[in-house]
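In what follows, a structure is listed as C-alpha cells, so that the remarks can point back to it.
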Amino acid sequence: MTVTPGTTVLAVLDAAVAALKSPLREDDRAQGWTDDLRREVQAEISIHRSVLRRHGLGMARHLRPRFDEWMEREDVRPGRLRDLVGDVQRSLAEARTTAAETPTTLGVRPRPPARE
C-alpha cells in the first residue's frame with residue numbers, strides 16, 4: 001500500500017494487519033520472513049491499531065514503533081512486506097507528530113482568552 005497524504009493511519013494499519021495475516025509467499029521467505037516473524041509483527045501492529053481505535057489518535061504520541069530496527073535485526077531484505085511495515089512506521093510517526101501538536105487531545109483544553 002502506498003501511503004498518500006489522505007491515507008489515514010488506521011487504514012494503513014488495517015491493510016498491514018490483513019496482509020500479514022495471509023500466508024507467506026515464496027518471495028517473502030526469500031526476503032527473510034518466517035512465519036513466526038510475520039505473526040509477531042502482525043500482533044505488534046494489531047496492538048498499535050487497537051490502542052488508537054480505543055483511545056483515539058492522540059495516543060499516537062505514546063507509541064514508539066521501531067519496526068525498521070526490528071527488520072534490520074532480523075535481516076529482512078526489501079520487498080512487499082518490508083515496504084508495508086515501513087508504511088506503518090511512517091504513518092505512526094506522522095500521527096505521533098500530529099498528536100503532539102494538538103493540545104486538545106486527552107482532555108486537555110486550551111485556556112480561554114484573557115479578559116481585558
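The values are calculated or read from the model by the stated rules, or taken from the named source; none is laboratory data. Computed from a predicted model, the values in this text were never measured in an experiment. In this analysis, Cβ positions are derived from the backbone assuming ideal geometry, glycine residues included, and neighbour counts consider all displayed protein chains. The accessibility values were calculated without ligands, DNA or RNA, using every heavy atom of the protein model including side chains. Shrake-Rupley method; radii C 1.70, N 1.55, O 1.52, S 1.80 Å.
Residues of the range 61-75 being part of a helix (DSSP H, G or I) and either more than 13 Å from Val9 (Cβ to Cβ) or open to solvent by less than 20 Å² (accessible area, probe 1.4 Å) (or both), which ones?
Matches in the range 61-75: His62, Phe67, Asp68, Glu69, Trp70, Met71, Glu72, Arg73.
Quick test of your reading of the structure: Gly58 fulfils all but one of (1) surrounded by 13 or more Cβ atoms within 10 Å (Cβ to Cβ); (2) of a type outside the set (Ser, Thr, Tyr); (3) modelled with pLDDT of 95 or more. Name the failing condition by number.
That leaves (3) as the condition not met.
Kindly evaluate Arg39 against the criterion of being surrounded by fewer than 16 Cβ atoms within 10 Å (Cβ to Cβ), modelled with pLDDT of 95 or more, not in a loop (DSSP other than H, G, I, E, B) and not small (Gly, Ala, Ser).
Numbers: surrounded by fewer than 16 Cβ atoms within 10 Å (Cβ to Cβ): yes; modelled with pLDDT of 95 or more: yes; not in a loop (DSSP other than H, G, I, E, B): yes; not small (Gly, Ala, Ser): yes.
Yes, satisfied.
Give the residue that is farthest from the chain's Cα centre (by Cα), with candidates limited to residues of the range 37-81 that are under 23 Å from Ser22 (Cβ atoms) and of a type in the set (Val, Ile, Thr).
Filtering the range 37-81 for residues that are under 23 Å from Ser22 (Cβ atoms) and of a type in the set (Val, Ile, Thr), the one farthest from the chain's Cα centre (by Cα) comes out as Val76.
Looking only at residues in the range 76-116 that are in a loop (DSSP other than H, G, I, E, B) and either at pLDDT 90 or above or of a type in the set (A, V, I, L, M) (or both), which one is nearest to Leu63 (Cα to Cα)?
Step one: filter the range 76-116 for residues in a loop (DSSP other than H, G, I, E, B), giving 76-79, 101-104, 108-116.
With the extra rule that they be either at pLDDT 90 or above or of a type in the set (A, V, I, L, M) (or both), the set shrinks to 76-79, 108, 114.
Working: Val76: 23, Arg77: 25, Pro78: 24, Gly79: 25, Val108: 19, Ala114: 35 Å.
Once the filter is applied, the top-ranked residue is Val108.
Could you list, in sequence order, the residues of the range 21-33 that are closer than 21 Å to Pro65 by Cα and open to solvent by 70 Å² or more (accessible area, probe 1.4 Å)? Show your work before the answer.
Residues of the range 21-33 closer than 21 Å to Pro65 by Cα: 21, 32-33.
Passing the criteria: only Lys21.
What residue, among those in the range 42-55 that are open to solvent by less than 50 Å² (accessible area, probe 1.4 Å) and among the hydrophobic types (A, V, I, L, M, F, W, C), is nearest to Leu13 (Cα to Cα)?
Ile45
Hey, can you tell me all the residues within the range 44-76 that are in contact with a Ser or Thr (Cβ under 8 Å, 6 or more places away or on another chain) and either without any contact (Cβ under 8 Å) to a residue 12 or more places away in the chain or aromatic (Phe, Trp, Tyr) (or both)?
Selection gives nothing.
For the range 29-49, enumerate the residues that are under 18 Å from Asp75 (Cβ atoms) and either touching a Lys or Arg at 6+ places or on another chain (Cβ under 7 Å) or not charged (D, E, K, R) (or both).
Residues satisfying the conditions are Ala30, Gln31, Gly32, Trp33, Thr34, Leu37, Val41.
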